[in-house]
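Below: the structure, in structure tokens.
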Amino acid sequence: MTSAQVWIAGGYQSDFARNVTKEGLDIGDLTAEVATRTLDDAGIAASEVDVVHVGNAFGQLYTGQGHLGAMPASMIPELWDVPASRHEGACASGSLAILAAMADLESGRYDCALVLGVELEKTVPGDIGTNYMSPAAWVGREGQDAKFMWPYMFDRVAGEYATRYGLDPAHLWAISELNIRNARSNPRAQTRTRSYSPESFTADDAANPLVEGSLRKIDCGPLTDGGAGVVLVSDRYVARHPEFDAHPRSRILGWGHRTVGLSLEEKLARSSDGGLMFPHLADTVADAYGRAGIGDVDELDLIETHDCFSISEYVAIDHFGLTPPGESWRAVEAGDLEIGGRMPMNPSGGLLGGGHPVGATGVRMALDCHRQVTGTAGAYQVDGARRAATFNFGGSTTTSVSLIIG
């Protein structure tokens, strides 16, 4: 358990279906929108913010703009002089920004933190944009033969899973179908108005073409523009503001964070003697459970997990402990992941359905869990949700973060 409590006072997510560049806007405009609307939702003035943390993975590549910790102050005069930092950990960048803000609050250094995750990915054609994410792997040492780095890498994950335990691609397509179906109820989801035929979730080469190896289009998350933000406050701040008792808020009950080496092959080699394929992921979740004072997955009400590819969520199922190692298919076939099932997974639509602006994803996950446990998730609300988990990783599971929110 942490020595000080950290509360989520509110937050905001942009519409992930937008193309910000085509609107004539840039990353500064997106940052201003997300910061302003986040503070509005939390009922906190910009002048009350003590520190800002920004998650962004690939800003220089997609936009040419670095030094994004300074962007909030560039757009919002009241944030001038407020300490700020940018955090990069590939797809886990937003979660790292949250962890840094939590440490600031827990230490007593500050009492009110604005956390933003922002990413533009539609500034270039799709094939170029996909390859802009290659630096999250070990450049020059893996994936040299890939046309598209991350489909290539996660095809390798799927292939290894198949070798060790067996893998029916229909289970992966069922995950994609569920998340896209959930996304239709999310007014901010990227795919909410897209049309899919039944063949889109099969081996039909026209409706669902191969991308790399065995992975097909429906297995792969889309390029996304978007941002998300949360305001975190300490228990000291809450004590000084009794009006917060009437404001929906949640608490970060526990967290886990692990980082391993970049090489996917080394990760796989280290677990070759059996059991879970990525034990460090299970350790991340176990740390979050322990700090939250819960025993196992069945003490959660829902999970927002990383599904940059369908195999990513498939791996998360057994690493959360929903099934024994290698038996994630059981949860898929039993309907456990459905809203109303044993453990709803990605009721928001996740990354496959909701969208994946890389630096924003970890923040968006935390915001969705906040909405769920405060009963403000709207059409994709999980009834009676009291405790939710995020699971966010960057690279080939290199940096992993889990939060328990209740």
With the other protein chains left in place, how much accessible area per residue, in square angstrom, belongs to the chain at a 1.4 angstrom probe?
-> 36 Å²
The aspartates and glutamates whose Cα lies under 14 Å from the Cα of Lys217, excluding any fewer than 8 residues away in the same chain, are Asp127, Asp155, Glu177, Glu199, Asp204, Asp205, Asp307
Using only Cα atoms, find the angle between the long axis of helix 149-165 and the longest principal axis of the chain, and express it within 0 to 90 degrees, rounded to the nearest 10.
-> 60 degrees
DSSP-loop chymotrypsin sites (Phe, Trp or Tyr not before Pro) across the stretch 284-383, with at most 15 other Cβ within 10 angstrom = none
Given the candidates Thr374, His356, Ala92, the one whose Cα lies deepest towards the positive end of the charge dipole of the chain, counting +1 at each Lys or Arg C-beta and -1 at each Asp or Glu C-beta, is Thr374
HN-Hα couplings for the stretch 352-361 via Karplus (6.51, -1.76, 1.60; θ = phi - 60°), in whole Hz with x for Gly/Pro, come out as 5, x, x, x, 9, x, 3, x, 8, 4
Which loop GluC sites (Glu not before Pro) in the stretch 248-335, with loop taken from DSSP, have no more than 14 other Cβ atoms within 10 angstrom of their Cβ?
-> Glu327
From the backbone phi of the stretch 28-35, what are the Karplus-calculated ³J(HN,Hα) couplings (6.51 cos²θ - 1.76 cosθ + 1.60, θ = phi - 60°) in whole Hz, Gly and Pro given as x?
-> x, 4, 5, 4, 4, 4, 5, 5
Neighbourhood charge, 15 Å Cβ-Cβ cut-off, centred on Gly108 and excluding it, Lys, Arg +1 and Asp, Glu -1 | -2
With a 1.4 angstrom probe the carbon and sulfur portion of accessible area for the stretch 145-227, in percent, totals 52 percent
Share of the stretch 1-83's accessible area from carbon and sulfur, percent, 1.4 Å?
-> 50 percent
Calculate the dipole size of the chain relative to its Cα centre from +1 charges on Lys and Arg beta carbons and -1 charges on Asp and Glu beta carbons; express the result in debye to the nearest 20.
-> 200 debye
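Could you give the length gained on full extension between Asp273 and Glu338, defined as 0.36 nm per residue of separation minus the Cα-Cα distance, in nm? Before the final figure, lay out each step's value.
Values: separation 65, 0.36 × 65 = 23.40 nm, distance 3.27 nm.
Extra length available between Asp273 and Glu338 comes to 20.1 nm.
Report the relative contact order of the chain, percent, no decimals, based on alpha-carbon pairs under 8 angstrom and at least 6 residues apart.
Details: 936 pairs, mean separation 104.7, N = 406.
After rounding, I find 26 percent.
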For Leu253, which sequence-distant residues (separation of 5 or more, or a different chain) have an amide H within less than 5 Å of its own amide H, given hydrogens modelled in the peptide plane?
-> Ile404, Ile405, Gly406
Would you please name the trypsin sites (Lys or Arg not before Pro) within the stretch 69-164 that are DSSP coil residues with at most 16 other C-beta atoms within 10 Å of their C-beta?
-> Arg109, Arg141, Lys147
In deg cm²/dmol and to the nearest 500, what is the mean residue ellipticity at 222 nm of the chain if only DSSP H runs of at least 4 residues count, each as -39500 (n - 2.57), divided by the residue total?
-> -10500 deg cm²/dmol
Inter-part distance where the stretch 361-377 and the stretch 64-124 are each reduced to a Cα centre, Å | 18 Å
Give, as a single signed number, the net charge of other residues whose beta carbon lies under 11 Å from the beta carbon of Ala57, with Lys and Arg counted +1 and Asp and Glu -1.
-> -2
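Note down the net charge around Phe201, summing +1 for each Lys or Arg and -1 for each Asp or Glu among other residues with Cβ under 12 Å from its Cβ. Write down the numbers at each step before the final one.
Numbers: positive: Arg181, Arg216, Lys217; negative: Glu177, Glu199, Asp204, Asp219.
That works out to -1.
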At 4 °C and 1.567 mPa s, grab the translational diffusion coefficient of the stretch 29-155 from Stokes-Einstein with a Kirkwood Rh over Cα pairs, rounded to a whole number in µm² per second.
-> 82 µm²/s
Counting DSSP beta bridges in the chain, what percent are antiparallel, to the nearest 5?
-> 70 percent
Percent of accessible area on the stretch 262-406 owned by carbon and sulfur, 1.4 Å probe?
-> 45 percent
Percent of C-alpha pairs per 10 Å bin, the chain, short to long | 5, 25, 36, 25, 8, 1, 0
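The values are calculated or read from the model by the stated rules, or taken from the named source; none is laboratory data. Remember, it's a predicted structure, so these values are computed and weren't measured experimentally. For neighbour counting, all protein chains shown are included, and Cβ atoms are generated from backbone atoms with ideal geometry for every residue, glycine included. Areas reflect the complete protein model, heavy atoms only, side chains present, ligands, DNA and RNA absent. Shrake-Rupley method; radii C 1.70, N 1.55, O 1.52, S 1.80 Å.
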